[in-house]
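The values are calculated or read from the model by the stated rules, or taken from the named source; none is laboratory data. Because the structure is a prediction, the values reported are computed rather than measured. With ideal geometry, Cβ positions are generated from the backbone for all residues, glycine too; neighbour counts draw on all protein chains shown. We work out accessible area using only protein heavy atoms, side chains counted, and drop any ligands, DNA or RNA first. Shrake-Rupley method; radii C 1.70, N 1.55, O 1.52, S 1.80 Å.
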Amino acid sequence: MRFRRLKSWAVIAAAIPTAVGLSAVAAPAAHAETSPDGANDWNCKPSFLHPRPVVLVHGTFENMAFNWQKLSPALKKAGYCVYALNYGGAQDAPIQGTGEIAESAGQLSAFVDKVLAATGASKVDMVGHSQGGMMPRYYLKFLGGASKVNKLIGIVPSNHGTNLDGLVTLGSLLGITQAVVKAAPAAGEQITDSDFLKNLNAGGDTVPGVQYIVLSTKYDEVVTPYTSEFLNGSNAQNVLLQDKCASDTNAHVGIAFDPVMIKFVENSLDVWGPYWPIDCGNPLG
């Protein structure tokens with residue numbers, strides 16, 4: 001079975017980065033433990049206008065420094081307390097988000113507790129890209145996260161999985177060999193109909209008390225079909241980027257740097273207003 005075969009290859013994952021020279025890849029930053037600009041100011045206190053800290057959760061084969069180099073400083077400038085973490089990888093490794101997703105959710109749980117303790121807030125909001133938009137759902141459903149999270153905004157999240165070709169495509173886009181893709185447990189768990197996803201989605205996509213917002217792009221070449229990103233549930237809103245900005249052709253990786261996405265997230269986090277409209281030609285003003 002393909003899922004089990006992928007998972008069994010995880011034992012060679014630690015050896016592969018050295019073998020293929022992953023320290024030289026162009027996309028994920030070499031110093032992965034470096035926080036993106038604007039993130040992880042542990043003295044930040046939420047304000048009346050922005051009462052909840054925002055936790056940013058990167059995607060598969062990425063890291064916080066690479067994934068959030070545009071969104072994090074924008075949210076900080078807008079007045080939010082912003083926090084980002086690495087998960088699912090060795091400390092300071094450029095490639096993160098490859099470990100078993102349940103274990104990664106445990107890392108997220110510990111990080112959220114740290115953020116709440118530092119800020120004095122009762123809940124956080126989350127923004128996640130790709131696996132980072134799906135993995136928190138495990139935390140919400142199985143690890144008690146629903147009582148600590150107000151809103152989960154998923155940017156092209158792998159909620160119902162993709163095919164293996166999509167994950168190999170992501171590895172190629174980020175300059176990672178197919179061997180690494182196959183060696184990552186998280187890759188196997190994100191394949192459509194994996195045991196992990198069946199368990200995650202059994203009994204419904206959402207849990208009460210949390211707001212879910214999904215932003216997808218029809219040009220997504222990694223999570224395919226893009227409609228598999230959408231969530232079912234009365235507390236879920238699904239938005240297709242091209243329904244709002246028809247000329248926006250950003251795909252799976254590029255959307256993390258899209259000014260329209262940044263404005264969408266800012267609007268979605270805003271307690272005072274809706275997430276749309278957005279000026280597609282000049283989203284950030």
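Quick notes on this structure:
- Filter pass, residue 193 being surrounded by fewer than 17 Cβ atoms within 10 Å (Cβ to Cβ), in a helix (DSSP H, G or I) and modelled with pLDDT under 95: no
- Test: residue in the range 119-127 that is closer than 23 Å to residue 43 by Cα, over 13 Å from the mean Cα position of the chain (by Cα) and in a helix (DSSP H, G or I): yes
- Pick from the range 82-96, criterion closer than 24 Å to residue 260 by Cβ and in contact with a Ser or Thr (Cβ under 8 Å, 6 or more places away or on another chain), ranking: surrounded by the most Cβ atoms within 10 Å (Cβ to Cβ): 82
- Considering only residues in the range 220-236 that are outside any loop (DSSP other than H, G, I, E, B) and without any contact (Cβ under 8 Å) to a residue 60 or more places away in the chain, the one that is most open to solvent (accessible area, probe 1.4 Å) turns out to be 227.
- Candidates in the range 237-285 are the residues that are more than 30 Å from residue 172 (Cβ to Cβ) and surrounded by 19 or more Cβ atoms within 10 Å (Cβ to Cβ); of these, the one that is modelled with the lowest pLDDT is 275.
- The listed residue being at pLDDT below 95, of a type in the set (A, V, I, L, M), assigned to a loop (DSSP other than H, G, I, E, B) and within 17 Å of the chain's Cα centre (by Cα), out of 176, 95: 95
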